[in-house]
Amino acid sequence: MTSTTSSRRQAFRQQVASKQGLLMPGAFNAMSARVIEDLGFKAVYLTGAGVTNMSFGLPDLGFIGLSDIAEHTARVRDAVDLPLLVDADTGFGNALNVRHAVRTLERAGADAIQLEDQVMPKKCGHFAGKHVVSTDEMVGKVRAAADARDDPDFQIVARTDAAAVHGIEDAIERGHRFAEAGADILFLEAIEDLSDIARLPGLFKVPLLINIVIGGKTPVQGRDALERLGYGLVLYANAALQGAVRGMQQALGNLQANGKMDEDPAIVAPFSERQRLVRKPMYDELEARYKTDD
């Protein structure tokens, strides 16, 4: 582990622990992560739903595996310097699989990993028909994750979907058990009641993550309001995804309607902007530096 990695993870842990509502968008590939960093965000989330939707054209129903998310993790880590929280779904099996997932993703460049208590194969947290494993089974997974990490500043995010299955009180109880087992951050998914959103941060010592799914079940509130409530992380897991889909629809709809497309910045990013984001000038400089005379 490099000193840069260590300092990045330490700073990320301290930032989340301050409970100041760190705004964290989700990336679905390296380019979307680059845009997130370029716009000045301070952390990035690699979304399993986004990888599933954008790389496979499939719904978020547990179709991807560890190798898929590990490959995307490595690509995002190469693209950006931001702290990276990686969605690892259920850990891809039992507690032993979770151990392997943590070791794999930590080596791939993640700074934190998110695990959830759904029955495998999982569903999007804002879909109907979810099922959760027993609290004891998930406690074992959290313990395995905490034990597997090499770096103590590599954070474990424990998510529960129990609110939609057994009710909010069961979700709260699970959160306490997960924190006792070693979770650094808690994520109670798909909270629908504003009063529950307001009271949850005060019930736990560890920081909480709140997930705002555009069009989902959780009421949208501003980052400042969520900071005042004491949330550590404010996640917009698929804002970039939904924006990208709409952008493609608009650009290609324009092409279909007109039979041609000019470089209109209201419709598409300019050619020069695309090259800037992928750091083409840097590679031009490297090419010149390493060029040898024949």
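Some observations on this one:
- Residues being within 25 Å of Gly65 (Cβ to Cβ) and out of contact with any Leu (no Cβ under 6 Å at 6 or more places or on another chain) - total across region 28-52: 11
- Set Ile212, Ile191, Ile185: member being within 15 Å of the chain's Cα centre (by Cα), modelled with pLDDT under 95 and not hydroxyl-bearing (Ser, Thr, Tyr): Ile212
- Only a single item in (1) surrounded by fewer than 18 Cβ atoms within 10 Å (Cβ to Cβ); (2) out of contact with any helix residue (DSSP H, G or I) (no Cβ under 6 Å at 6 or more places or on another chain); (3) in a helix (DSSP H, G or I) is not met by Pro59, and it is number (3).
- When Arg143, Arg159 are screened for being basic (Lys, Arg) and in a helix (DSSP H, G or I), only Arg143 passes.
- Taken over region 22-42, the residue count meeting the criterion of being crowded, with 22+ Cβ neighbours inside 10 Å and either of a type outside the set (Val, Ile, Thr) or part of a strand (DSSP E or B) (or both) is 8.
- Cβ pairs under 7 Å, 6+ apart, first in region 1-19 and β-branched (Val, Ile, Thr), second surrounded by 12 or more Cβ atoms within 10 Å (Cβ to Cβ): Val16/Leu22; Val16/Ile185; Val16/Pro207; Val16/Gly232; Val16/Leu233
- Failed item, numbered, when Ile210 is tested on (1) touching a residue at least 60 places away in the same chain (Cβ under 8 Å); (2) not in a helix (DSSP H, G or I): (1)
- Residue check for Val234: under 24 Å from Ala43 (Cα atoms) and hydrophobic (A, V, I, L, M, F, W, C): yes
One line per residue, one yes/no per condition, for (1) in contact with a strand residue (DSSP E or B) (Cβ under 7 Å, 6 or more places away or on another chain); (2) without any contact (Cβ under 8 Å) to a residue 60 or more places away in the chain; (3) over 25 Å from Val44 (Cβ atoms):
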site: Asp196; (1), (2), (3): no, yes, yes
site: Asp224; (1), (2), (3): no, no, no
site: Gly243; (1), (2), (3): no, yes, no
site: Arg246; (1), (2), (3): no, yes, no
site: Asn254; (1), (2), (3): no, yes, yes
site: Phe271; (1), (2), (3): no, yes, yes
site: Asp284; (1), (2), (3): no, yes, yes
site: Lys291; (1), (2), (3): no, yes, yes
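- Screening Ala240, Ala266, Ala257 for residues that are farther than 26 Å from Gly26 by Cβ, aliphatic (A, V, I, L, M) and out of contact with any Cys (no Cβ under 7 Å at 6 or more places or on another chain) leaves exactly one candidate, Ala257.
- Hey, Leu233 touching a Pro at 6+ places or on another chain (Cβ under 9 Å) and at negative phi or not: yes
- Filtered residues of region 150-167 (kept if in contact with a strand residue (DSSP E or B) (Cβ under 8 Å, 6 or more places away or on another chain) and among the hydrophobic types (A, V, I, L, M, F, W, C)): Phe154, Ile156, Val157, Ala158, Ala162, Ala163, Val165
- Pairs are defined by a Cβ separation below 6 Å, a sequence spacing of at least 6 or placement on different chains, a first member in region 37-57 that is free of Cβ contacts under 8 Å to residues at least 60 places away in the same chain, and a second member that is part of a helix (DSSP H, G or I); the pairs so defined are Val44/Ala33; Val44/Ile36; Val51/His72.
- Positions within region 110-132 being without any contact (Cβ under 8 Å) to a residue 40 or more places away in the chain and either more than 27 Å from Val165 (Cβ to Cβ) or surrounded by 19 or more Cβ atoms within 10 Å (Cβ to Cβ) (or both), in sequence order: Lys130, Val132
- One residue from Ala163, Ala148, Ala158 being over 16 Å from Leu22 (Cα atoms), modelled with pLDDT under 95 and in contact with a helix residue (DSSP H, G or I) (Cβ under 7 Å, 6 or more places away or on another chain): Ala163
- Answer residue from region 62-89, given it is touching a strand residue (DSSP E or B) at 6+ places or on another chain (Cβ under 6 Å) and in a loop (DSSP other than H, G, I, E, B) and is farthest from Gly140 (Cα to Cα) among those: Leu82
- Looking at Gly216, Gly253, just one residue is closer than 27 Å to Leu115 by Cα and not polar (S, T, N, Q), and that residue is Gly216.
- Residues of region 130-140 classified as closer than 23 Å to Thr104 by Cα and either in a strand (DSSP E or B) or among the aliphatic types (A, V, I, L, M) (or both), total: 2
The values are calculated or read from the model by the stated rules, or taken from the named source; none is laboratory data. This one's a predicted model, so the numbers in the text were calculated from it and none came from an experiment. Here Cβ is always computed from backbone atoms with ideal geometry, including for glycine, and neighbour counts include all displayed protein chains.
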